[in-house]
Amino acid sequence: MSEPQAIDALVQEFRAGRPRALARAITLCEAGCGAAVVAALYDRAGTAMTIGITGPPGVGKSTLCSGLVRSVRTVGKRVGVISVDPSSPFSNGALLGDRIRLAEHFTDEGVFIRSMASRGHLGGLAGATTDAALLMDAFGLDVVIVETVGAGQNEVEIASLAQTVIVALQPGSGDSVQVLKAGILEIADIFVVNKADHPMANQLRREIRSMLQIMEYRGWVPEIVTTQALSGEGIQELWASIERHAAYLNESGEVELRRRTRFLHQVRAIAAGRIRDLIERRVTGEGGNGDPYAAAERALKALGIEE
Ligand SMILES: Nc1nc2c(ncn2[C@@H]2O[C@H](COP(=O)(O)OP(=O)(O)O)[C@@H](O)[C@H]2O)c(=O)[nH]1
Ligand SMILES: [Mg+2]
């Protein structure tokens, strides 16, 4: 089979609803070869509810995911989960944790679980993860949840990927204030204070609330939900909060704004990734000698980019 034929066959299987085709399509995107598949399936996407869960390692993101999956499944909807491996020294442990926490859903045909490395072809979440979320949407999954460790760039990127961003924090960790400062306040739609069985849970709630008071929100003001993900306590409230936020997005028309922002972000990431690759190849070819400004100028000129 030629490559276009193979893509056609894959797209057909995907349209027929075969989970294997979804898995293979995502693998292609991870390898940086997903453009044709995404192009063929793009018009099917746009109906899924997309939820991002971010926060420091160990706060209970995967356990929350698992609880949310349960909530979604009880109303008979199909759900996809993408766990993003931060490619850090934590990564193996984190990935294993994600899989253990989600284990009860592995045999459920209405649940599609995928772990991914965040350093894909295009770098960051913007590449393969965005494609994977889009493909799950196009596959007809009703809800897509993306779990990422809040480290650096990811927080901001998750905001352009998900309609509803959940920031999970845990009491007594001391890093909550640090986390709150690092651009999180701007992107969180819902704060989860997990591990409410911890004695400092109320203090964390207060900390978050006072931070929120400093912000000037227009429209949606982030809600704070307290959970014990392990026992399932508060998960219903979290789901209710997610639904309120979704309703707000629809009623206010902000859903369209977010969709456009996401589109722009994707286009920029894809184009920037291509340019980066081309420049890298060129500079490597030159051997990397001499004045870097002049070398950059030559590389841009070779790409036909001039100011
Ligand atoms: N005490 C307590 N532990 C929890 C709770 N939720 C999750 N955990 C535990 O916290 C640890 C990290 O959870 P995990 O979901 O893997 O965190 P992640 O790294 O943010 O995905 C696991 O041992 C969980 O069992 C909770 O509500 N209370
Ligand atoms: Mg996890």
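Here are a few things to note about the model shown:
- Ile208 being within 16 Å of Leu64 (Cα to Cα), more than 15 Å from ligand 1 (Cβ to nearest atom) and in contact with a Ser or Thr (Cβ under 8 Å, 6 or more places away or on another chain): no
- Scanning the stretch 66-82 for residues that are charged (D, E, K, R), away from ligand 1 (no atom under 16 Å from the Cβ) and outside any loop (DSSP other than H, G, I, E, B) yields a total of 1.
- Meets criteria (more than 16 Å from the chain's Cα centre (by Cα) and touching a residue at least 60 places away in the same chain (Cβ under 8 Å)) for Val75: no
Table: residues versus (1) within 20 Å of the chain's Cα centre (by Cα); (2) not assigned by TED's automatic domain parsing to the domain that holds Thr164.
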{"site": "Asn202", "(1), (2)": "no, no"}
{"site": "Arg218", "(1), (2)": "no, no"}
{"site": "Thr226", "(1), (2)": "no, no"}
{"site": "Glu233", "(1), (2)": "no, no"}
{"site": "Leu238", "(1), (2)": "yes, no"}
{"site": "Tyr248", "(1), (2)": "no, no"}
{"site": "Arg259", "(1), (2)": "yes, yes"}
{"site": "Glu280", "(1), (2)": "no, yes"}
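- Among the residues of the stretch 284-294, those that are part of a helix (DSSP H, G or I) and modelled with pLDDT of 85 or more comprise Pro292, Tyr293, Ala294.
- Any hit, the stretch 125-144, residues being under 22 Å from Cys29 (Cβ atoms), part of a strand (DSSP E or B) and at pLDDT below 90: no
- Arg244 vs. criteria at pLDDT 95 or above, assigned to a helix (DSSP H, G or I), surrounded by 13 or more Cβ atoms within 10 Å (Cβ to Cβ) and more than 16 Å from ligand 1 (Cβ to nearest atom): yes
- Of all residues in the stretch 88-118, those satisfying the criterion of being assigned to a loop (DSSP other than H, G, I, E, B), of a type outside the set (A, V, I, L, M, F, W, C) and at pLDDT 55 or above are Thr107, Asp108, Glu109, Gly110, Ser118.
- Remark: pairs (first residue in the stretch 208-230, over 17 Å from Val192 (Cβ atoms); second residue of a type in the set (Phe, Trp, Tyr); Cβ separation under 7 Å; 6+ apart in sequence or on different chains) are absent.
- Checking Pro171 against (1) touching a Gly at 6+ places or on another chain (Cβ under 9 Å); (2) at pLDDT 70 or above; (3) under 30 Å from Asn202 (Cβ atoms); (4) not β-branched (Val, Ile, Thr), the condition it does not meet: (1)
- Single match in Arg258, Arg268, Arg281, Arg276 (criterion: surrounded by 13 or more Cβ atoms within 10 Å (Cβ to Cβ) and either of a type in the set (Asp, Glu) or part of a helix (DSSP H, G or I) (or both)): Arg258
- Complete set of residues in the stretch 46-65 that are outside any loop (DSSP other than H, G, I, E, B) and either under 16 Å from the mean Cα position of the chain (by Cα) or away from ligand 1 (no atom under 13 Å from the Cβ) (or both): Met49, Thr50, Ile51, Gly52, Ile53, Thr54, Gly55, Lys61, Ser62, Leu64, Cys65
- Enumeration of residues in the stretch 3-34 that are without any contact (Cβ under 8 Å) to a residue 24 or more places away in the chain and either outside any helix (DSSP H, G or I) or loosely packed, with under 14 Cβ neighbours inside 10 Å (or both): Glu3, Gln5, Ala6, Ala9, Gln12, Ala16, Arg18, Arg20, Cys33
- Whichever residue in the stretch 52-78 is touching a helix residue (DSSP H, G or I) at 6+ places or on another chain (Cβ under 9 Å) and of a type in the set (S, T, N, Q) and, among such residues, is farthest from ligand 2 (Cβ to nearest atom): Ser71
The values are calculated or read from the model by the stated rules, or taken from the named source; none is laboratory data. Note that the coordinates shown come from a computational prediction; the quantities given were computed from them, not determined experimentally. Neighbour counts run over all protein chains shown; Cβ positions are idealised from the backbone, glycine included.
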